[in-house]
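Have a look at the structure below before the remarks.
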Amino acid sequence: MTQNTFRTAAGTAVTAVTAAGMREVDRVAVEEVGVQLLQMMENAGRALARHVRDASEGGRVVVVAGDGGNGGGGLACARHLANREVPVRVVLDRPPGELSGAAALQYRILEAMDVGVATGAEAVARFDEPTVAVDALIGYGVSGEVRPPAADCVRELNGRSDPVVSLDVPSGMDATTGDTHGVRVNPDRTVTLALPKTGVDAVDGALYLADIGIPATVYERLDIDYDPPFGDGDWVELVG
Ligand SMILES: NC(=O)C1=CN([C@@H]2O[C@H](COP(=O)(O)OP(=O)(O)OC[C@H]3O[C@@H](n4cnc5c(N)ncnc54)[C@H](O)[C@@H]3O)[C@@H](O)[C@H]2O)[C@@H](O)CC1
Ligand SMILES: [K+]
């Protein structure tokens, strides 16, 4: 099942987009309007860190990240948590040397900060104390059945009894259809970015929409109905 419109608790209608639609929003934001990816990622990471601090109540956090835009947002979140002295560790689904693009940039900052980084699903399993986990493995860019090592990380995340917070969409969930690509994370809350994706009505747990700074002109250029939903805040809960 997919949903084309969501609502905030205040009753504002929010248009949902497919993965292709969101990719087009990102393209217009960057190429036509001049908003840079790292600016949006910074907003995503900061908003996500606030949600994680909420869920963790000061306890430990593990951020499980992939190497795409979703992973980059997770790594930015780890930095914001460390900046607030939240005890945070990072697990990458692949060795750091295999990172590229924005995720590699985010990783280099964490390295300079001495934030602990481990690799692989076994590292997720090692967090046996109460720990909020952040799922930043894969976002709307999922393609085909989720493969190892990401698939093993997903299973480890689902085996945890502590809260899991997913960035944008639960990893392994098709952002357009809500279908599962073989395996997917079952989060306690999802912080989706800019606009809800049509498939996210299939998420478990609470669903929040975070502002990553995309101006209304981007939506106007794409004929997407947009009534700013955020009010005074940086995110809103979506109620269906
Ligand atoms: N406006 C934007 O462009 C922003 C996007 N952001 C994030 O970037 C995401 C989109 O980024 P990308 O296009 O890089 O894509 P993703 O990060 O969603 O996915 C690409 C990553 O997933 C892996 N992957 C894909 N399919 C897989 C499979 N079947 N098995 C195992 N691994 C698989 C790829 O190897 C790659 O690491 C969004 O969901 C969002 O979370 C945010 O960081 C902030 C700004
Ligand atoms: K995710």
Once both axes come from the Cα atoms, what is the angle between helix 101-113 and the longest principal axis of the chain, in degrees from 0 to 90, rounded to 10?
50 degrees
Output the 0 to 90 degree angle, nearest 10, between the alpha-carbon long axis of helix 37-56 and the longest principal axis computed from the alpha carbons of the chain.
60 degrees
Enumerate the calculated ³J(HN,Hα) couplings along region 226-237 in order (Karplus 6.51 cos²θ - 1.76 cosθ + 1.60, θ = phi - 60°), each rounded to whole Hz, writing x wherever the residue is Gly or Pro.
9, 10, x, x, 8, x, 8, x, 9, 7, 9, 7
Heads up, I need the accessible area for ASP227: 1.4 angstrom probe, whole protein in place, Å², nearest 10.
90 Å²
Averaging over all projection directions, find the projected area of the Cα convex hull of region 1-70 and quote it in nm² with one decimal place.
7.1 nm²
Sequence-distant residues sharing a close amide H with GLY68 (under 5 Å, placed H)
none
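With a ≥ b ≥ c taken as the square roots of the eigenvalues of the C-alpha gyration tensor of region 10-50, please select rounded if a/c is under 1.5 and otherwise prolate if a/b is larger than b/c or oblate if it is not? If you can, show how the numbers build up before the last one.
Working: a/c = 2.01, a/b = 1.06, b/c = 1.89.
Oblate is the answer for region 10-50, as a/c is 1.5 or above yet b/c matches or exceeds a/b.
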10 Å-binned pair-distance histogram of the chain (Cα, whole percent)
8, 36, 38, 16, 2
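For the chain, which whole-number percentage of the solvent-accessible area (1.4 Å probe, protein heavy atoms only) is attributable to carbon and sulfur atoms?
Details: 4590 of 10320 Å².
Percent of accessible area from carbon and sulfur atoms in the chain: 44.
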What net charge is computed for the residues neighbouring VAL115, neighbours being all others with C-beta under 9 Å from the C-beta of VAL115, Lys and Arg scored +1, Asp and Glu -1?
0
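Suppose every Lys and Arg Cβ carries +1 and every Asp and Glu Cβ carries -1, with no other charges. What dipole size does the chain come out with about its Cα centre, to the nearest 20 debye? Please report the intermediate quantities before stating the final value.
Working: 20 positive and 35 negative charges, 74 e Å.
Charge dipole, the chain, about its Cα centre: 360 debye, nearest 20.
In whole percent, what relative contact order does the chain give with Cα contacts below 8 Å and a gap of six or more residues?
On the way: 540 pairs, mean separation 60.9, N = 240.
Relative contact order, the chain: 25 percent.
So, with +1 on the Cβ of K and R and -1 on the Cβ of D and E, and no other charges, what is the size of the charge dipole of region 101-240 about its Cα centre, to the nearest 20 debye? If you can, show how the numbers build up before the last one.
Details: 9 positive and 24 negative charges, 86 e Å.
The calculated dipole for region 101-240 is roughly 420 debye.
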Other residues with Cβ under 14 Å from the Cβ of GLU31 give, with Lys and Arg +1 and Asp and Glu -1, a net charge of 0
For region 86-91, Karplus couplings with θ = phi - 60° (6.51, -1.76, 1.60), whole Hz, Gly/Pro x:
7, x, 10, 10, 10, 10
From the backbone phi of region 149-159, what are the Karplus-calculated ³J(HN,Hα) couplings (6.51 cos²θ - 1.76 cosθ + 1.60, θ = phi - 60°) in whole Hz, Gly and Pro given as x?
x, 4, 4, 5, 5, 4, 4, 4, 4, 6, x
Within region 23-79, GluC sites (Glu not before Pro) in DSSP loop having at most 16 other beta-carbon neighbours inside 10 Å:
GLU57
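Would you mind working out the accessible area per residue for the chain, using a 1.4 Å probe, and quoting it in Å²?
Details: 10320 Å² over 240 residues.
It amounts to 43 Å² per residue over the chain.
The values are calculated or read from the model by the stated rules, or taken from the named source; none is laboratory data. Remember, predicted model here, so these are calculated numbers, not experimental data. Every residue, glycine among them, receives a Cβ derived from its backbone with ideal geometry; neighbour counts consider all protein chains shown. Heads up: the accessible areas ignore ligands, DNA and RNA and are worked out on the full protein's heavy atoms, side chains in. Shrake-Rupley method; radii C 1.70, N 1.55, O 1.52, S 1.80 Å.
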